[in-house]
Each structure stands twice: as C-alpha cells, then as structure tokens.
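The values are calculated or read from the model by the stated rules, or taken from the named source; none is laboratory data. These figures come from a predicted structure and were not determined experimentally. Here Cβ is always computed from backbone atoms with ideal geometry, including for glycine, and neighbour counts include all displayed protein chains. Remember, those area values only see protein heavy atoms, side chains included, never the ligands or the DNA or RNA. Shrake-Rupley method; radii C 1.70, N 1.55, O 1.52, S 1.80 Å.
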Amino acid sequence: MIVFKQVSKVFPDGTSALEKIGFQINEGEFVFFIGPSGVGKSTIMRLIRREILATEGTIMVLKNNLAEMETKEIPQLRRHVAMCFQDFKLLYDKTVYENVALSLEVKGEGEPEIEKRVAETLKSVGLEKKGNFFPIQLSGGELQRVGIARAIVGKPNILLADEPTGNLDPDSAWEILKLFKEINLANTTVIVATHNVDIVNKFKERVIVLKEGKIVSDEKKGKYEKST
C-alpha cells in the first residue's frame, strides 16, 4: 500500500529532513511514527500525500509512483489519503455539518448522499448532536473529532494524523486515539505521527522510530522509549 525505498528529502535551504529511509506499510495496519520534533515525521506525511516530492528514492502509494504522477492526478490521490492536523484547519465561519460536508461537495456528491454520509460520520465520532454548532462553540477534543469526521467522510483508504493530540488534554487525547483505532478496525490504514509517550506505549501497535532523519527502529507492538 505504501512503500518507501531509499528516500531522502533535502529542502531548498539545504535542510536534510530524511536520509535514505525505507519501509512498507500494508493495508489495514496501524502505525506510529515517533521521535522528537524535527526528525522527519511531518515530512513523511507530506510525501505520502504528494504535497512535496522526494529528493531521492522511490515512493509508492496505492500502486502509484508519486514521482511519476501528473499534477491533475494529485486530487484523486488525496481522496484516498486523508489527513488530520494538529491545528484542525477547520473553517470557523461554517458549522460542523458544513465543514464535514465540504469534501463531499467538492467531489460533486448530491445533497441526499451528503446528508446521509455526514450524519453517519458525525454519529461515528460522537458529534451527532453538534452538526449546527460552530467551531468556536466546541472543545479541543470536539474540534479534533470534527477534523477526523471531515477526513473520513469520503471513506479514504489511508488516514494520516500529524500530532493529532498535541493541543489536547490527556483524556481527550486518549479518546481521539481510541477513535483512530475504531477507524482502523473498519479496515482503514492509520498512520499517526506523535511524540506522546503514554499513548504509544498503551496502544502497542507498530512503532517506527525516527532520529535525525533516519529510521532507527521498526517494531510490531513497539514502545516509545523516553530516551528516544
């Protein structure tokens, strides 16, 4: 599903974010990328979504060689590779319903289908009674749930989450990760970039550890050592 082969990324200012990394993530996996800020976690997420291109190496996502994709093909890829952000990236002048519906509207779905899918998705994230609320009326945990609903309403194959609990209290963070696991159990591949030690260690999923742009460990049911 996702394959990185000898991938390096050097930005125009000369910053080296990744150095010859390689891994494979199969359909239905739940994977944590861990390590402190600046080790390349977010760069990997951006590469998977084809927001940026690798400097060297090969990246395959859903059988697509990302280096060979035409610009017009990228939106189609992103319909299958959704993203949740630490800062939510919601539209604050739109309601919860409107934020979640937007991605379906862009795809050209009809209103009856949009209503059905949004209702189902809001229920799945526990926000079925908050559709008419505006983001400013919600807690941090609820805002992240709206972001998740927006990401999954289109039924993507892959869900990426970049530090999704970074702005949340411990209880809210735990609830968000449990929600990701439920999404994963519905056969969506979930990839989470984080430095939340407690959550990683409690979930006991596959853990890929990054240090200075290199993979130093890749373990099934891995742990986040605090010295990492």
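Points worth noting:
- Protection proxy ranking for 75-84, 58-67, 147-156, 7-16, using the average of other Cβ atoms within 10 Å per residue and placing the highest first: 147-156, 75-84, 58-67, 7-16.
- Value of D in µm² per second that Stokes-Einstein yields for segment 111-228, Kirkwood Rh from Cα pairs, at 4 °C (1.567 mPa s): 83 µm²/s
- In order along segment 128-134, the phi-based Karplus estimate (6.51 cos²θ - 1.76 cosθ + 1.60, θ = phi - 60°) of 3J(HN,Hα) comes to 4, 9, 10, x, 8, 7, 9 Hz; Gly and Pro are listed as x.
- Extension gain, K204 back to Q137 (0.36 nm per residue minus Cα-Cα distance, nm): 20.7 nm
- Cα centroid of segment 87-130 to Cα centroid of segment 1-79, whole Å: 28 Å
- Sulfur and carbon atoms: percent of accessible area, segment 21-104 [1.4 Å]: 47 percent
- Amide hydrogen neighbours beyond the local backbone of L18, cut-off 5 Å, H modeled: K9
- For segment 182-221, the residues whose backbone nitrogen is under 14 Å from a point 7 Å from the Cα of S42, taken along Cα to Cβ, are 193-195.
- Cα-centre dipole for segment 1-94 with unit charges at Cβ (Lys and Arg positive, Asp and Glu negative), debye to 20: 140 debye
- Rel. contact order, % - alpha carbon contacts under 8 angstrom, at least six apart, segment 47-203: 25 percent
- Highest GNM mean-square fluctuation among I158, I136, I44, for the chain modelled with Cα contacts below 10 Å: I136.
- Nearest-ten-degree value, helix 111-124 long axis tilted from longest Cα axis of the chain: 70 degrees
- Computed helical MRE - 222 nm, the chain, DSSP H runs ≥ 4 contributing -39500 (n - 2.57), nearest 500: -10000 deg cm²/dmol
- Pairs from K9/K223; K63/K94; K41/K129; K94/K220 whose Cα-Cα separation, in the structure shown, is over 31 Å: K63/K94; K41/K129; K94/K220
- Under a Gaussian network description of the chain, with springs only between Cα atoms under 10 Å, the residue in D218, D198, D171 that fluctuates furthest is D171.
- Whole-Å semi-axes of the ellipsoid equivalent to the chain (Cα gyration tensor, √5λ, descending): 29, 21, 15
- Dipole magnitude of the chain, debye to nearest 20 (Cβ charges: Lys/Arg +1, Asp/Glu -1, about Cα centre): 480 debye
- The long axis of helix 96-106 is offset from the longest Cα principal axis of the chain by roughly 70 degrees.
- In plain terms, the chain from E113 to Q6 could stretch by 34.3 nm, reckoned as 0.36 nm per residue minus the Cα-Cα distance.
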